[in-house]
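**Student:** Please find one structure pasted underneath; my questions will follow.
Only the coordinates and a few stated rules stand behind these numbers; no lab work does. Quantities reported herein were computed from a predicted structural model and do not represent experimental measurements. Ideal geometry is used to build each Cβ from the backbone, glycine not excepted, and the neighbour counts take in all protein chains shown.
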Amino acid sequence: MRTVRIHVKSVIKLAVIFGCFGGIMFAMWPKTTEEFIRETENSYKNLKQRAFEIAASDGKLRLEDIDPNSANGFPKLTKDEIGNYEPKDWKVPAGPGEGGVEPLKLDDSTEMQKKQKDAINEYGFNMVASDAISLDRYPADLRHEECKHYQYPESLPASSVIFVFHNEGWSTLVRSIHSVINYTPPELLEEVVLIDDGSNKEHITGGRLEEHIKQWNGLVKLYRNDRREGLIRARSIGARKAVGSVLIYLDAHCEVEPNWIVPLVEPMVHDYRICTVPMVDAIDGATYVFTPQAGGDENNFARGAWDWDLLWKRIPLNDRERARQEHMTSPYRSPAMAGGLFAISRKFFFELGLYDEGLDIWGGENFEISYKIWMCHGQMLFVPCSRVGHIYRMKGWRGNGTPSYVKGNFVDRNYVRVVEVWWDEYSKYFYERKPNAKHVDPGDLTEVKAVRERLQCKSFDWFMKEIGYDLPKHFPLVEPSNAARGHITNVGTNLCVDGHHAGQGDQLALSECASVREGQWMLTWHEDIRPLSGSNVENKKASDARKVCWDGTGVGNPIGFWECHTQGGNQLFKYVPDKKQFIHSPSRACATANEEQKKVYLKACDDSNDNQKWWWDKQDDATLARQNKDMMNHIDPPELDYLS
């Protein structure tokens with residue numbers, strides 16, 4: 001932890017406390033040695049906590065009181081010198097889960113497996129494993145080495161860190177709080193704000209949480225909503241409760257990594273209308289191992305985006321944005337954010353009107369705030385040197401349900417509100433993909449439209465041309481032609497590829513063709529393969545397909561399904577008509593039917609092996625020929641030439 005600067009008056013206070021401490025020791029002298037040691041340790045802990053309070057109460061700055069000129073020339077990269085906010089003597093101790101490197105080992109008894117399965121069902125995570133890990137564990141440090149050599153300005157604002165939660169598991173929630181307090185310089189932490197959004201679990205409502213946070217003497221503040229408001233409105237409530245000049249939102253199952261907060265808040269000193277987003281690494285919900293954020297460019301840097309169904313996507317950092325960076329790890333612009341983890345100045349957030357109060361529970365709020373920020377004279381920067389681990393919900397989680405007062409498909413209603421307020425003439429592309437949304441009543445939009453008018457926000461067309469200019473290359477407004485569609489039949493086994501069990505993490509399956517319930521597929525212009533629903537696929541486009549793709553991890557492994565990311569890689573497949581082979585570009589291996597297991601594996605290509613030969617119902621030979629000009633890489637269709 002970085003050394004805290006303590007003012008002279010604080011030293012005087014500490015001297016008084018140490019004097020009191022000496023008196024305590026003298027008073028305890030008649031006690032036994034064991035009692036003396038125990039009580040001395042307790043007094044020292046109290047003294048240490050009081051010193052922490054004094055240091056934390058002094059020297060905290062508000063963003064509006066910092067001269068932006070004081071940050072001129074910062075951050076400075078000094079390759080031969082460790083950064084001024086870097087933790088000293090960082091050494092990960094031994095212990096279960098420490099450092100987030102080794103998976104926690106639990107016994108594999110039937111009883112233990114049932115406990116873990118039940119925990120995943122209830123909370124979305126393996127809480128049995130989480131409960132076995134220290135609340136104060138050291139996180140992983142997945143930063144690029146360059147990040148450890150930045151010098152930052154001495155004057156930085158203190159932040160309110162806000163957690164919103166509903167029926168969160170105990171140890172994942174509390175570890176999130178411990179993590180922020182343990183790895184944030186006290187002078188940069190105004191408070192931790194907890195918003196309990198209508199929880200009904202005993203470990204949250206029964207007093208245990210109140211008792212636990214007493215150890216921080218008011219630094220952590222707990223507020224409870226009278227009813228479940230949903231993530232969106234609860235975050236706005238958190239903003240109103242918080243007192244810091246910078247608001248940082250984190251999901252309630254996160255662990256921050258070393259020196260996370262300084263790079264996140266520093267850009268706001270230059271301009272209070274800059275919103276920042278940390279790199280989000282994955283914490284495995286079963287083992288609690290950290291893995292770096294994946295996807296994007298060669299450094300795993302990506303920009304936030306969306307398709308025209310308004311689904312969250314990530315696209316690689318492009319050369320134009322890279323050219324704007326001073327260093328490889330400098331913050332860079334992003335059109336949108338995922339929405340769970342970000343920092344924004346209190347002043348700017350309130351100028352923007354917080355979140356649209358008409359948005360229910362969750363869904364679309366990340367795009368609404370992203371559009372507000374950019375179109376209403378702000379900026380959004382992704383910050384490579386600020387990294388936070390996030391636990392993603394696991395398959396099998398039953399979810400939190402929906403409050404009874406929320407009626408209908410609230411996610412679609414949220415999307416329509418966002419599109420109607422912010423997309424202008426681009427809204428037609430949303431309704432082309434989701435024609436049923438035309439009949440959704442978004443409710444009263446007067447107030448949120450007034451915000452746009454009051455702030456004289458720019459047009460969506462400006463936004464698309466200046467900020468989101470690379471998005472249509474990945475998600476065209478008008479979709480290019482696809483290469484093939486229909487049933488896929490294996491020549492050697494006469495079995496068909498079955499899409500009935502085509503969920504994320506499932507394996508590609510084969511069935512008797514007559515018994516296949518969902519066997520329609522599409523080789524898209526992205527050169528990935530997706531399942532289609534329904535029988536009439538003649539005029540369907542890639543956006544009509546389900547959002548999971550064939551995903552190959554290497555020779556000898558079965559082909560599975562993973563969320564379509566349109567970035568090629570493991571999902572890049574070429575179909576060669578004259579050989580009837582599916583070639584997986586990264587491995588140069590062929591999709592091979594295993595008749596006994598009724599699965600499809602990647603095997604070394606063999607032109608004489610009929611189990612590697614496949615028929616499509618319908619294929620576009622011209623499109624296939626164009627795609628196959630480069631067997632290793634994706635080739636953009638001619639419809640996208642205008643974006644070059």
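**Student:** Take the Cβ-Cβ distance between D136 and R240 as r, set R0 to 30 Å, and report the resulting FRET efficiency rounded to the nearest 0.05.
**Tutor:** Given R0 = 30 Å and the Cβ-Cβ separation, E is 0.45.
**Student:** Next question. Order these peptides, 261-270, 626-635, 138-147, by their mean beta-carbon neighbour count within 10 angstrom, highest first.
**Tutor:** 261-270, 138-147, 626-635
**Student:** Between K547 and T110, what is 0.36 nm times their sequence separation minus the Cα-Cα distance? Round to one decimal in nm.
**Tutor:** This chain segment gains 153.9 nm when fully extended.
**Student:** Something else about it: Multiplying the sequence separation of Y392 and H144 by 0.36 nm and subtracting their Cα-Cα distance, what value in nm do you get?
**Tutor:** Length gained between Y392 and H144: 87.0 nm.
**Student:** Also, quick follow-up: May I ask for the equivalent-ellipsoid semi-axes of region 484-643, computed as the square root of five times each C-alpha gyration tensor eigenvalue and listed largest first in whole Å?
**Tutor:** With the √(5λ) rule applied to region 484-643, the semi-axes are 22, 18, 15 Å.
**Student:** Separation of region 154-171 and region 483-515 by C-alpha centroid, Å?
**Tutor:** Their Cα centres are 46 Å away from one another.
**Student:** How high is the FRET efficiency between V92 and K221 when r is their beta carbon distance and R₀ equals 35 Å, given to the nearest 0.05?
**Tutor:** The calculated FRET efficiency here is 0.70.
**Student:** Further question: Would you calculate a helix-derived [θ] at 222 nm for the chain, using -39,500 (n - 2.57) for each DSSP H run of n ≥ 4 and dividing by the full residue count, to the nearest 500?
**Tutor:** Using -39500 (n - 2.57) per qualifying helix, the result is -8000 deg cm²/dmol.
**Student:** Moving on. So, in Å, what gap is there between the alpha-carbon centers of region 316-330 and region 381-442?
**Tutor:** Here the answer is 29 Å between Cα centres.
**Student:** Ok, one more. For region 194-242 and region 338-364, write down the distance between their C-alpha centroids in whole Å.
**Tutor:** First find each Cα centre; the distance between them is then 18 Å.
**Student:** Of the peptides 394-403, 466-475, how do they stack up when ordered by the mean number of other Cβ atoms within 10 Å, highest first?
**Tutor:** 466-475, 394-403
**Student:** On to the next question. Each label point is 7 Å from the Cα along the Cα-to-Cβ direction; what then is the distance between the points at T205 and D606, in nm?
**Tutor:** Output for this residue pair reads 6.3 nm.
**Student:** For the chain, what is the relative contact order in percent, using Cα pairs closer than 8 Å and at least 6 residues apart in sequence?
**Tutor:** Once divided by the residue count of the chain, the mean separation gives 11 percent.
**Student:** For K598, which aspartates and glutamates qualify as cross-link partners when the Cα separation must be under 14 Å and same-chain residues fewer than eight apart are set aside?
**Tutor:** Qualifying aspartates and glutamates at Cα under 14 Å: D498, D506, E512.
**Student:** Same structure again: Given a Förster radius of 45 Å and the C-beta distance between T78 and N633 as r, what FRET efficiency does 1/(1 + (r/R0)^6) yield to the nearest 0.05?
**Tutor:** Efficiency, rounded to the nearest 0.05: 0.70.
**Student:** For region 367-459, what relative contact order do you get, as a whole percent, if you take Cα pairs closer than 8 Å and at least 6 residues apart?
**Tutor:** For region 367-459, the relative contact order is 43 percent.
**Student:** Can I ask one more? Once you place label points 7 Å from the Cα toward the Cβ at Y426 and T493, how far apart are they in nm?
**Tutor:** 4.4 nm
**Student:** If you don't mind, there's one more thing I want to ask. Sort 95-101, 272-278 for me by packing, meaning the mean count of neighbouring Cβ atoms within 10 Å per residue, highest on top.
**Tutor:** Ranking, from highest mean packing down: 272-278, 95-101.
**Student:** Output the pairs from K313/K599; K313/K372; K434/K599; K407/K458 with a Cα-Cα distance over 27 Å in this structure; if there are none, say none.
**Tutor:** Checking Cα-Cα distances, K313/K599; K434/K599; K407/K458 exceed 27 Å.
**Student:** Then there is this: Under 28 Å between alpha carbons, and skipping anything fewer than 8 positions from K603 in its own chain: which lysines qualify?
**Tutor:** K547, K574, K579, K580, K613, K618, K629
**Student:** Here's something else I'd like to know. Setting aside same-chain residues fewer than 8 positions from K76, which aspartates and glutamates have a Cα under 16 Å from its Cα?
**Tutor:** E86, E145, E146, E154, E266, E326
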